[in-house]
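Engineer: Sharing a structure here in structure tokens format.
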Amino acid sequence: MPFQPVHQERLSQGVVRQIELLILRGLLRPGERLPAERELAERMGVSRPSLREAIADLQARGLVVSRAGSGVFVADMLGSAFSGALTQLFASHDEAVFDYVSFRRDLEGMAADRAARFGSETDLKVIDTVFRKMEAAHQKRNPADEAELDAEFHLAIIEASHNIIMLHMMRAMFDLLKAGVFYNRQQMFRQRTTRDMLLEQHRAINDSIQMRDPAAARAAAEHHMSYVEQTLSDLRKADRNEDVARLRYQHELARD
């Protein structure tokens, strides 16, 4: 974690500002534990009383929480962008699912473009490392691992875009996706053909970003999300057909 010695200004305010920026830039995530007081004070070059004053300030503003016997954590609520009632509406209406995919197509195209332009060498290495893990999971045919790495891959690209607003917005959106609010990602990895297509689409996105080709990266990301949209549409159509067939069968049994 990139904590640095604090210089100038009031020490506690310097600590506050640094932790604020780490949260804002996504380097400290909701629910993440801060280092122990002694370690953090040493890494930031401040006294423990100054650090306590800063933590009290951050806690009063709801940015961090202190848990007895566990330490200080970034507040979980910072990752909550939607109310519980709205989340339930998302989960119960197909319209929300396809609007979600459309929203992701636009933003992830932009994120891939920006990652190719502005991502550091470390950013690109992280993206490539996650993709290599996806290849390994694909060989093991583990839908759960592939689905988890799918989300990790896209979030790595969003982090590499270096846009603070996009980062926090998309983290909140992916939290809902992980919870199965929009759709079950594992379903999409059950069929071999779909799994192969998804892997190749992620490969195209990764290759374009590694080559620092913004236009190709954007096109690959948008193509991928269009494929996801079509796959979800096909799955829902198949489910509806099964429901109709089941009702027809039950009706025929009742007539007999």
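The values are calculated or read from the model by the stated rules, or taken from the named source; none is laboratory data. Bear in mind that the values here come from a model prediction, so they are computed numbers and not experimental data. Neighbour counts run over all protein chains shown; Cβ positions are idealised from the backbone, glycine included. These accessible areas exclude ligands, DNA and RNA; they are computed on the full protein's heavy atoms, side chains included. Shrake-Rupley method; radii C 1.70, N 1.55, O 1.52, S 1.80 Å.
Engineer: Multiply the residue gap between SER226 and ALA36 by 0.36 nm, knock off their C-alpha separation, and tell me the result in nm, one decimal place.
Structural biologist: The span from SER226 to ALA36 would gain 63.9 nm if fully extended.
Engineer: Choose one of ALA172, ALA220, TYR183: the residue whose Cα lies farthest towards the positive end of the charge dipole of the stretch 134-229 (beta-carbon charges +1 Lys, Arg; -1 Asp, Glu; about the Cα centre).
Structural biologist: TYR183
Engineer: Go through ARG195, ARG10 and list them by solvent-accessible area, largest first, probe radius 1.4 Å.
Structural biologist: Putting ARG195, ARG10 in descending order of accessible area: ARG10, ARG195.
Engineer: Shifting gears a bit: Please give every one of the lysines within straight-line cross-link reach of LYS237, meaning a C-alpha to C-alpha distance under 28 Å, and leave out same-chain neighbours fewer than 8 residues apart.
Structural biologist: The reachable lysines, counting only those whose Cα sits under 28 Å from LYS237, are LYS178.
Engineer: If you don't mind, another one. Could you please put MET188, MET197 in sequence from largest to smallest accessible area, using a 1.4 Å probe?
Structural biologist: Of MET188, MET197, the descending order of accessible area is MET197, MET188.
Engineer: I'd like the Karplus ³J(HN,Hα) series for the stretch 219-224: coefficients 6.51, -1.76, 1.60, θ = phi - 60°, whole numbers in Hz, and an x wherever there's a Gly or Pro.
Structural biologist: Rounded to whole hertz, the list is 4, 5, 5, 5, 4, 4.
Engineer: Comparing ILE158, ILE23, ILE205, which has the greatest mean-square fluctuation in the GNM of the chain with Cα pairs linked when under 10 Å apart?
Structural biologist: Taking springs between Cα atoms under 10 Å, the residue moving most is ILE23.
Engineer: Per residue, what volume in Å³ does the Cα convex hull of the stretch 22-85 take up?
Structural biologist: Convex hull volume per residue, Cα atoms: 97 Å³.
Engineer: Something else: Enter the accessible area of LEU89 (Å², nearest 10), with the probe set to 1.4 Å and all protein chains included.
Structural biologist: The accessible area comes out at roughly 90 Å².
Engineer: What residues from the stretch 114-142 fall in the zone where the backbone N is under 19 Å from a label point 7 Å along the Cα-to-C-beta line of ASP196?
Structural biologist: Residues passing the 19 Å test: 134-142.
Engineer: Moving to a separate point now. Excluding ligands and nucleic acids, what accessible area in Å² is computed for ARG218 using a 1.4 Å probe, to the nearest 10?
Structural biologist: 80
Engineer: Probe 1.4 Å, all protein chains in place: accessible area of ASP128 in Å², nearest 10?
Structural biologist: The accessible area of ASP128 comes to roughly 40 Å².
Engineer: Jot down the radius of gyration and Dmax of the chain, Cα atoms only, both in angstrom.
Structural biologist: Over the chain's Cα set, Rg and Dmax evaluate to 22.4, 87 Å.
Engineer: May I ask you to order 38-47, 51-60 by the average number of other C-beta atoms within 10 Å around their residues, highest value first?
Structural biologist: Peptide ranking by packing, descending: 51-60, 38-47.
Engineer: Return the carbon/sulfur percentage of the accessible area of the chain, one whole number, probe 1.4 Å, all protein chains in place.
Structural biologist: 51
Engineer: Top mean-square fluctuation among HIS224, HIS154, HIS138, Gaussian network model of the chain, C-alpha springs under 10 Å?
Structural biologist: Of HIS224, HIS154, HIS138, the Gaussian network model singles out HIS138 as fluctuating most.
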